[in-house]
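**Student:** My structure is below; once you've seen it, I'll send some questions.
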Amino acid sequence: YQLTVEAGADNVRGVQVDGPALHHFTAPAPGATVDATMPLVATWARDEAAVIATLETRELNAVAIGDTGTYTIPVGGLKSKSTETEAEQLRVDRAQRITPAGAVVGSDVRVMVRNEIDLVVAPTGR
């Protein structure tokens, strides 16, 4: 992606940032029924690591993680009910970021790729 910004006498021209490679989940499978009383290993495949990665569920706000292709969601990290199934969503966002030369201090440009799957959380029985 290439960006040019002009605001009066201020400008930044030709800022270029390549987006991260697309990724896809390898586990769990979309629509899988999972157990919230056990840690859940989420894995995804991508060609190369991104600079920024986060993982999120309905129960976990975006957690900054390394883009290693795997993350273990701890017990308590999935929305669950004791006597019925619960719909859950697993999301991994990956991004590249650059600081444009000549931009205002603190400025950055990011390109993000998001992938998410729906899961079913089994009743916990608790």
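The values are calculated or read from the model by the stated rules, or taken from the named source; none is laboratory data. Owing to the predicted nature of the structure, the values given are computational and were not obtained by experimental measurement. Every residue, glycine as well, gets a Cβ built from its backbone with ideal geometry; the counts of neighbours run over all protein chains shown. Surface accessibility is based on the protein's heavy atoms, side chains included, excluding ligands, DNA and RNA. Shrake-Rupley method; radii C 1.70, N 1.55, O 1.52, S 1.80 Å.
**Student:** Sorted by average packing, counted as other Cβ atoms within 10 angstrom per residue and highest first, what order do 49-61, 75-87 take?
**Tutor:** The packing order, highest mean first, is 49-61, 75-87.
**Student:** What Rg and what Dmax come out for the chain when only alpha-carbon atoms are used, in angstroms?
**Tutor:** Calculated on Cα positions, Rg and Dmax stand at 18.6, 64 Å.
**Student:** Please state the relative contact order of region 7-97 as a whole percent: Cα pairs under 8 Å, 6+ residues apart?
**Tutor:** About 31 percent, as a whole number.
**Student:** What full-extension length gain, to one decimal in nm, is calculated for I65 and L3 as 0.36 nm per residue of separation minus the Cα-Cα distance?
**Tutor:** Answer, rounded to one decimal: 19.6 nm.
**Student:** Per residue, how much accessible area does the chain show when a 1.4 Å probe rolls over the protein heavy atoms, in square angstrom?
**Tutor:** 59 Å²
**Student:** Give me the Kirkwood hydrodynamic radius of region 1-56 in Å, from all C-alpha pairs, to one decimal place?
**Tutor:** Computed over region 1-56, the radius equals 15.2 Å.
**Student:** Tell me the carbon and sulfur percent of the accessible area for the chain, rounded to whole percent, probe radius 1.4 Å.
**Tutor:** 50 percent
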